[in-house]
Amino acid sequence: MMKTDLEKFVWTREPASYEVKDNCVSIVTKPHTDLWQRTYYHFRNDNAPVFQIKTNEKFFSFVVKTDFKESHHRFDQCGVVVYLDSENWIKGSVEYENETFAHLGSVVTNGGYSDWATVEIKPEVKEMWYRLSRREDDFCIENSTDGITFHQMRIAHLAKATDEITFGIYACSPEDSSFEAVFTDFALLPCMWKAHDGQQPD
């Protein structure tokens, strides 16, 4: 495992309040920031801060730990992202819902239309590790509560991820809220998402 050089990361929409130090990034979200395109809600939100690095590597895994103890309002969220442009991206995160449950989920946006896949988890969960893996133009997002055992959340295709991509972290508060999201334990690894060993390609 290799630590990620955060000096190589760049902001897409730099947040008003943040800190990058050693192997830690903290972001204080602004109200009414989000990533979403069209589907169901019919609106287009593309103003969340994104902190990413570029790569031409076709096979890799990216790991990061998220701490969102301050999240308290519906849809407060932070996690991993592959953000190519406003209409083509993937994100994975925990979104606060209410005092009864939160949503562990992912959004995949191809050609300007988003989907949203979730599972309910206990609201007491305030830390989560993610492992984002790339195999050419396909991606896998996994999550872990201990940074050791990871569970598959999503396998998805990004049509525009044909060569160089950008990936990293994001945080936002879609409604009238703000919280501090803290990211640590950044690491780049050889691709941990192994090639499929079942049915052969057509």
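The values are calculated or read from the model by the stated rules, or taken from the named source; none is laboratory data. In this text, all values refer to a predicted model and were calculated from it rather than measured experimentally. Because the Cβ atoms are built from the backbone with ideal geometry, glycine has one as well, and the counts that use them run over all protein chains shown. Ligands, DNA and RNA are stripped out before the accessible areas are found, and what is left, the full protein with its side chains, is counted by its heavy atoms. Shrake-Rupley method; radii C 1.70, N 1.55, O 1.52, S 1.80 Å.
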- Mind checking which residues of the range 29-45 are open to solvent by 50 Å² or more (accessible area, probe 1.4 Å) and assigned to a strand (DSSP E or B)? P31, R44
- Query: When the residues of the range 129-140 are filtered to those that are free of Cβ contacts under 8 Å to residues at least 60 places away in the same chain and open to solvent by less than 40 Å² (accessible area, probe 1.4 Å), which remaining residue is nearest to W193 (Cα to Cα)?
  - Reply: C140
- Task: Pull up the range 141-151, narrow it to residues that are within 20 Å of H196 (Cα to Cα) and among the hydrophobic types (A, V, I, L, M, F, W, C), then point me to the one that is surrounded by the fewest Cβ atoms within 10 Å (Cβ to Cβ).
- Result: F150
- Output for Cβ contacts, cut-off 6 Å, separation at least six or different chains, first residue under 13 Å from V107 (Cα atoms) in the range 37-48, second open to solvent by less than 90 Å² (accessible area, probe 1.4 Å) and among the polar types (S, T, N, Q), reads Q37/T109; Q37/S114; T39/S114
- Task: Could you tell me whether any residue of the range 141-159 is under 18 Å from F60 (Cα atoms), touching a Cys at 6+ places or on another chain (Cβ under 6 Å) and part of a strand (DSSP E or B)?
- Result: yes
- Among the numbered conditions (1) exposed (fewer than 14 other Cβ atoms within 10 Å of the Cβ); (2) on the phi < 0 side of the Ramachandran plot, tell me where L6 comes up short. (1)
- Top-ranked residue of the range 84-97 - restricted to ones that are part of a strand (DSSP E or B) and open to solvent by 20 Å² or more (accessible area, probe 1.4 Å), ranked as farthest from H157 (Cα to Cα): Y96
- Matching entry among K160, K122, K126 (being without any contact (Cβ under 8 Å) to a residue 24 or more places away in the chain, open to solvent by 20 Å² or more (accessible area, probe 1.4 Å) and not β-branched (V, I, T)): K122
- Query: Which one is nearest to D85 (Cα to Cα) among residues in the range 9-28 that are open to solvent by 30 Å² or more (accessible area, probe 1.4 Å) and assigned to a loop (DSSP other than H, G, I, E, B)?
  - Reply: R13
- Name the pairs: first residue in the range 176-202 and in contact (Cβ under 8 Å) with a residue 60 or more places away in the chain, second residue part of a loop (DSSP other than H, G, I, E, B) and of a type in the set (G, A, S), Cβ to Cβ under 8 Å, at least 6 apart or on different chains? F179/S71; A181/S71; D185/G147
- Scanning the range 163-199 for residues that are of a type in the set (A, V, I, L, M, F, W, C), assigned to a strand (DSSP E or B) and buried (at least 20 other Cβ atoms within 10 Å of the Cβ) gives I165, F167, I169, A171, C172, A181, F183, F186
- Task: Being among the aliphatic types (A, V, I, L, M), buried (at least 24 other Cβ atoms within 10 Å of the Cβ) and within 23 Å of T166 (Cβ to Cβ) narrows it down to one of V81, V63, so name that one.
- Result: V81
- Message: Suppose we filter the range 104-119 for residues that are part of a strand (DSSP E or B) and open to solvent by less than 30 Å² (accessible area, probe 1.4 Å); how many remain?
- Response: 7
